[in-house]
Structures are given as structure tokens and as C-alpha cells.
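Single-structure report; data block below.
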Amino acid sequence: MGISDEKVVAVIMVGGPTKGTRFRPLSLNIPKPLFPLAGQPMVHHPISACKRIPNLAQIYLVGFYEEREFAMYVSSISTELRVPVRYLREDKPHGSAGGLYNFRDLIMEDNPVYIPTYFLHRGISFIEKNTQASHIFLLNCDVCCSFPLPEMLGNLLHNV
């Protein structure tokens with residue numbers, strides 16, 4: 001399988017209403033990720049950057065806000081960018097690693113990044129790698145930068 005066939009998934013951590021006190025009072029009536037920044041919701045900037053990644057298959061937004069607060073935005077941005085965007089709501093705030101762990105099966109269901117399967121046979125461990133390796137970009141919603149994501153992926157693939 002060539003590089004051009006590998007799928008890429010982006011996960012954007014959007015947080016939740018239990019934190020973000022430094023952004024108040026701006027975030028009292030609107031979730032911080034949907035607050036306008038340079039004319040677009042804050043989360044729009046990393047989503048737009050992800051759209052430039054070759055073979056982008058899915059964008060997941062992981063957080064603890066109510067789903068209804070993101071429903072219209074997720075629907076419109078998916079249509080606008082023609083990339084599936086899905087909001088995954090945590091049952092309670094788990095933190096970044098907890099949110100990823102909580103949704104790991106869903107995030108990795110299409111083409112997981114080298115899922116190790118251990119077999120014990122005659123006392124030897126073997127690791128079987130998935131033949132369809134993919135890549136996952138993990139971003140925080142409120143980090144603003146130039147997002148050189150295609151270049152980062154190119155460098156990774158060149159050095160592997």
C-alpha cells in the first residue's frame with residue numbers, strides 16, 4: 001500500500017464548559033471553540049488546516065459541551081469543506097488523554113495506526129501490524145498557528 005492510499009484522521013480537542021475560566025466572560029454565552037476569531041469560530045481554523053492534509057478521511061471534535069451546541073456548526077462545516085466532521089461528547093470531563101481513550105475504538109476503526117496484536121506461541125510474542133497504516137493528527141482547538149500539517153506529514157513519511 002502506497003503513501004497515497006493511507007488515510008489520515010484528525011482529532012481536535014475542544015474542551016468543555018467546566019474549564020476555560022480565563023476566557024470568561026466571553027465564553028459565558030457561547031462555547032469557547034465557537035467564539036469568533038478572525039471572522040470564524042475558533043475551531044474553524046484548525047479544521048480548515050486539516051482540510052489541506054492529503055487523504056483526510058475524518059475530523060473528530062472531542063469535548064464535553066452539549067451536542068446541540070455543536071450540531072449546526074458541525075453540519076455546516078462538513079458540507080462546506082466536504083469532509084466528514086463529527087462531534088464526540090464525553091460523558092464527563094476526562095481530560096485530553098481520557099477523551100482519546102474513551103473514543104479510541106471509534107477514532108481508530110477504519111485504519112488504525114499499527115494496532116499491536118500479541119500472540120503467544122511457544123513462549124514467543126509476535127506483533128501483527130495492520131497493513132493499512134494511517135496517521136492521526138491531534139490538535140487543541142485553541143492553539144493558533146500556521147498549521148503546516150501537510151508538510152509535517154510529508155516529513156514524517158519521508159523519515160519513516
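Throughout, read-outs are computed from the coordinates displayed, never taken from laboratory work. This one's a predicted model, so the numbers in the text were calculated from it and none came from an experiment.
Key figures for this structure:
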{"quantity": "Cut-off under 5 Å, modelled amide H: who pairs with Val62 long-range", "calculated": "Ile12, Met13, Val14, Leu88"}
{"quantity": "For Phe137, residues with placed amide H under 5 Å, excluding near neighbours", "calculated": "Val9, Ala10, Val11"}
{"quantity": "Under 15 Å from the Cα of Lys7 - aspartates and glutamates, other chains or at least 8 residues apart", "calculated": "Glu109, Asp110"}
{"quantity": "Amide hydrogen neighbours beyond the local backbone of Phe103, cut-off 5 Å, H modeled", "calculated": "none"}
{"quantity": "J(HN,Hα) series, segment 69-83, from Karplus relation 6.51 cos²θ - 1.76 cosθ + 1.60, nearest Hz, glycine and proline x", "calculated": "6, 10, 4, 5, 5, 4, 5, 5, 6, 4, 5, 4, 8, 6, 9"}
